[in-house]
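The values are calculated or read from the model by the stated rules, or taken from the named source; none is laboratory data. These figures come from a predicted structure and were not determined experimentally. Positions of Cβ are generated from backbone atoms using ideal geometry, with glycine treated the same way; all protein chains shown enter the neighbour counts.
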Amino acid sequence: MSVFEDIADFARAVPPMRALAGLDLGEKTIGVAISDRLLSIATPTETVRRTRFTDDAAALLAIAKARELGGLVLGLPRNMDGSEGPRCQSTRAFARNLTRLTDLPIGFWDERLSTVAAERALIEADTSRKRRKEVIDHVAAGYILQGALDRLQRLRGVDAP
């Protein structure tokens, strides 16, 4: 398998009835969210503290194996004008390196404002500042994954207008 730019191509590569993981790649942490097997709901799950690529990849692939995942959706941190900066290049490099270690399909999802949305939701839920700091990354991963899942549902014709 490989890395898919187009979410429709990614969807065709994902085996049926297999959950997906959404990843929010930060400099210090990786937020992880997992979907159900019907690809309808994203659940923020955990935050992996980053050390070096081989350890980060091993942690993510252990999660993928334990949860029998069918693919990974990486948040692509585009600039607000849609252009790609250094963080996008870093995410793409992470994806390329990960393909050397797994056959899981990897797709990208535009993550603009996912952290802002996650922060807003946590504030509305009256989450303490300390707790927000602990969960923000995997809550943002949940927003990333849910966006991709919603698009996948539309591609399959579920809830189509």
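The set of residues in region 12-26 that are buried (at least 20 other Cβ atoms within 10 Å of the Cβ) and under 13 Å from Leu155 (Cβ atoms) contains only Val14. Does Leu38 satisfy the condition of being under 21 Å from Ala148 (Cβ atoms), in a loop (DSSP other than H, G, I, E, B) and either among the basic types (Lys, Arg) or free of Cβ contacts under 8 Å to residues at least 60 places away in the same chain (or both)? The answer is yes for Leu38. The residue of region 41-75 that is farthest from Gly147 (Cα to Cα), among those that are touching an Asp or Glu at 6+ places or on another chain (Cβ under 6 Å) and touching a residue at least 40 places away in the same chain (Cβ under 8 Å), is Thr47.
Out of the residues in region 122-141 that are over 14 Å from Phe108 (Cα atoms) and crowded, with 17+ Cβ neighbours inside 10 Å, state the one that is modelled with the lowest pLDDT. Among them, the one singled out is Val135.
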